[in-house]
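The values are calculated or read from the model by the stated rules, or taken from the named source; none is laboratory data. Please read these numbers as outputs of a predicted model, since none were measured by experiment. Counting neighbours? That spans all protein chains shown, and the Cβs are built from the backbone with ideal geometry, glycine included. These accessible areas exclude ligands, DNA and RNA; they are computed on the full protein's heavy atoms, side chains included. Shrake-Rupley method; radii C 1.70, N 1.55, O 1.52, S 1.80 Å.
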There are 2 protein chains.
Amino acid sequence: MRALIRDVFLRHLANPQLDVAADAAALPSAAGQLVFTTDGFIVDPLEFPGGDLGMLAVHGAVNDLAVAGATPKWLSLSCFIEEGFEMARLDRIANSLGQAARDCGVAVVAGDTKVVPRGQGGGLYLSVSGIGWRDPQIRLGIDRIRAGDSILVSGTLGDHGAAVLLARNEFGLHGDLRSDCASVLPFAQAALQTGGLRFMRDPTRGGIATVAHDIAQSTGLRVTLDEARLPLRAAVRGMCEMLGFDPLYLASEGRVVAVIEPGSATRLLSLWQGLPGGAQAAVIGRLQLGLPLVVLRTALGGERLLDELEDDPLPRIC
Amino acid sequence: MRALIRDVFLRHLANPQLDVAADAAALPSAAGQLVFTTDGFIVDPLEFPGGDLGMLAVHGAVNDLAVAGATPKWLSLSCFIEEGFEMARLDRIANSLGQAARDCGVAVVAGDTKVVPRGQGGGLYLSVSGIGWRDPQIRLGIDRIRAGDSILVSGTLGDHGAAVLLARNEFGLHGDLRSDCASVLPFAQAALQTGGLRFMRDPTRGGIATVAHDIAQSTGLRVTLDEARLPLRAAVRGMCEMLGFDPLYLASEGRVVAVIEPGSATRLLSLWQGLPGGAQAAVIGRLQLGLPLVVLRTALGGERLLDELEDDPLPRIC
């Protein structure tokens, strides 16, 4: 995917504002900074414990703006509906999308619908673009990260990926796992109020391991994650052990990863832990001088390299 | 489609900025008016005489902004790529998309790519959102149209629909028809400089007949189109006669329809005819008090009702 984006799209579309390493583009504007993002959503199944495609799409766009330091304002919605798609299901998903937008304080102000022939659509695909405003004083970016910085996560990891996987009923497993699909705006705003914030990202497709790799590759620093501190639900851990998945590569859809000056980590941790849904927030690792690798410090004190995700073992997860 | 949008999406997403009759949303902003649009593109075949999906997607977004009176600035691109899609083809389409963006003076500043499993994608679907700025003095809208106003079109009608249809090779017909796929920005800007402009729209899916129906239904006025003045290529007319299509329902992708005060129609016509590609521009009809119908005044002086498009006879046309 990375090669596809670099070799095909970036080559043809190169311009100063397009940063393929970022989830949102900051645009010059007279009144604050305009921030613009887009995302496609193809999750299977379309409805899963804890959410559905509609809610996922709103939170995906809102969260991309939130981790860019922006306040989300407006969304656009482009729908690709497969001919014969059940109307009651479309209605449930649209209802959930509208509710999520209201909950996040954003409005869907533009839309388009295309019907694709039966057998060419996978049911329903959505693309959501979002616009937000950012205080021009805010300085965030992967390039601001320094050796010594701390890495925090706002809650348990991999719940979304695990819940969607279970909902496919492919493995004969059952459980009460729910997606963490939610807005991270309160967490992002708390982080912005904490001095020393360097960078935020939501660990969606490819999970925390992929965010860690992006950081290592962009900064040239070593990322060390502490296994004992990673917030993982027992059910997620158990499912991964049974199926041979590594939970560090599973998507979250309502978590934010923050990189912050070490002196501010404790303050951000306590702010996050005080927010609804933030009890499991944790300081999970740090940046160090060294080779740009991602290293997991195991509970027993050993070290294990976390490889970059090569092939996505979980298509249609978000 | 109209019912689907109204009954499902509008009901769940209602908010003051969402106008489902408009192709772009105008948003409050300190510096001029921000205009935001989105569109999905599913054309089959993906490459056709005169264009391809990439160029079509850029022009679609640029044209929605242009007819809203805005200057297009930034685009986002969301791609749904079917597993196994030919890379050389993707490269050609991305190249064409980048070229079209440069030609239109816009930059693609945000993007996302999802790969959908083989058999669930129709090759390649694109969704493009666009942001532009509009002079806050500009007042355009279907609600500004008055009885007596003139209707102009900037060039020949239905070329895109006819070219895509021929490119499918389903009918054993061959010809040298080319899509009109292009930016309408020069035409829209010329219209904005002409006093008395009421409304613009690009006659894409459903053609000029569908734009006329939208106007009749929104204003409560009768729309009369003069058959003798409709700019139609002989090849489009011939193909439609052979296959039983009405060219007035075929999509254009590089034309603009303008409604203007009658006293300004001649001035706009001469401005348009002076632009590259504008030689076929014409005054094609007018608004009248009467039942909100669309009436075609035939070359022989008779009248024929143009029905609203019920079922789209041409899926995947844009």
Point to revise | Residues (open to solvent by 30 Å² or more (accessible area, probe 1.4 Å), within 18 Å of A:LEU269 (Cα to Cα) and out of contact with any strand residue (DSSP E or B) (no Cβ under 7 Å at 6 or more places or on another chain)) located in segment A:184-213 | key: A:PRO186, A:GLN189, A:LEU192, A:GLN193, A:GLY195
Practice item. Sort out which residues of segment B:65-88 are open to solvent by 10 Å² or more (accessible area, probe 1.4 Å) and not aliphatic (A, V, I, L, M), and write them in order of number. Key: B:THR71, B:LYS73, B:TRP74, B:GLU82, B:GLU83, B:GLY84, B:PHE85, B:GLU86
Study note, to complete from the structure: For A:VAL20, the lone unmet condition from (1) at pLDDT 95 or above; (2) touching a Leu at 6+ places or on another chain (Cβ under 6 Å); (3) not charged (D, E, K, R) is (1)
Revision key, fill the gap. Those residues of segment B:147-185 that are within 30 Å of B:GLY220 (Cα to Cα) and not small (Gly, Ala, Ser) come to a total of 10
Practice item. Working only within segment B:280-318, note down all residues that are of a type in the set (Lys, Arg), in contact with an Asp or Glu (Cβ under 6 Å, 6 or more places away or on another chain) and farther than 16 Å from B:ASP246 by Cβ. Key: B:ARG316
Check your understanding: Quick check, is B:ALA14 open to solvent by less than 30 Å² (accessible area, probe 1.4 Å) and either within 23 Å of A:ARG102 (Cα to Cα) or at pLDDT 75 or above (or both)?
Key -> no
**Study point:** In segment B:23-61, residue modelled with the highest pLDDT [restricted to those that are within 21 Å of A:VAL58 (Cα to Cα), open to solvent by 10 Å² or more (accessible area, probe 1.4 Å) and within 7 Å of chain A (Cβ to nearest Cβ)]
**Key:** B:ASP39
Review point. Of all residues in segment B:139-163, how many are touching a strand residue (DSSP E or B) at 6+ places or on another chain (Cβ under 8 Å) and farther than 16 Å from B:PRO49 by Cα?
Key: 14
Exercise for review: Might you check whether a residue that is under 30 Å from B:ILE284 (Cα atoms) and in contact with a Gly (Cβ under 8 Å, 6 or more places away or on another chain) occurs anywhere in segment B:109-127?
Suggested key: no
**Study point:** Residues being out of contact with any strand residue (DSSP E or B) (no Cβ under 7 Å at 6 or more places or on another chain) and more than 26 Å from B:GLY263 (Cβ to Cβ) - total across segment B:274-300
**Key:** 3
Check your understanding: Among the listed residues A:ALA190, A:ALA147, A:ALA182, which satisfies the condition of being out of contact with any Cys (no Cβ under 6 Å at 6 or more places or on another chain), over 30 Å from B:ASP64 (Cα atoms) and assigned to a helix (DSSP H, G or I)?
Key -> A:ALA190
Exercise for review: Go through the residues of segment A:292-314 one by one and say whether even a single one is at positive phi, away from chain B (no Cβ under 14 Å) and at pLDDT below 95.
Suggested key: yes
Practice item. Give the number of residues within segment A:294-312 that are open to solvent by less than 70 Å² (accessible area, probe 1.4 Å) and in contact (Cβ under 8 Å) with a residue 24 or more places away in the chain. Key: 8
Study note, to complete from the structure: Scanning segment B:150-189 residue by residue, the ones that are out of contact with any Gly (no Cβ under 7 Å at 6 or more places or on another chain), of a type in the set (Val, Ile, Thr) and under 17 Å from B:GLY278 (Cβ atoms) total 2
Practice item. Keeping to segment B:62-84, report how many residues are facing chain A (nearest Cβ under 10 Å) and either more than 18 Å from B:ALA190 (Cα to Cα) or part of a strand (DSSP E or B) (or both). Key: 11
**Study point:** segment B:89-111, subset more than 8 Å from chain A (Cβ to nearest Cβ) and not in a helix (DSSP H, G or I), residue surrounded by the most Cβ atoms within 10 Å (Cβ to Cβ)
**Key:** B:VAL106
Practice item. Would you confirm whether any residue within segment B:273-280 is surrounded by 20 or more Cβ atoms within 10 Å (Cβ to Cβ) and in contact (Cβ under 8 Å) with a residue 12 or more places away in the chain? Key: no
Practice item. Any chance you could count how many residues in segment B:157-185 are among the basic types (Lys, Arg) and free of Cβ contacts under 8 Å to residues at least 24 places away in the same chain? Key: 0
Study note, to complete from the structure: Of the residues in segment B:171-183, those that are modelled with pLDDT of 95 or more and open to solvent by less than 50 Å² (accessible area, probe 1.4 Å) number 5
**Study point:** Selection count where residues are in a strand (DSSP E or B), of a type outside the set (S, T, N, Q) and open to solvent by less than 50 Å² (accessible area, probe 1.4 Å), scope segment B:216-245
**Key:** 3
Exercise for review: Looking only at segment B:112-160, count how many residues are of a type in the set (Ser, Thr, Tyr), within 14 Å of another protein chain (Cβ to nearest Cβ) and open to solvent by less than 10 Å² (accessible area, probe 1.4 Å).
Suggested key: 3
Practice item. Might you let me know whether segment B:246-256 holds any residue that is outside the structural domain of B:LEU56 (by TED's automatic domain parsing) and surrounded by fewer than 19 Cβ atoms within 10 Å (Cβ to Cβ)? Key: yes
Practice item. Restricting attention to segment A:115-160, report how many residues are hydrophobic (A, V, I, L, M, F, W, C) and over 30 Å from A:ARG297 (Cα atoms). Key: 8
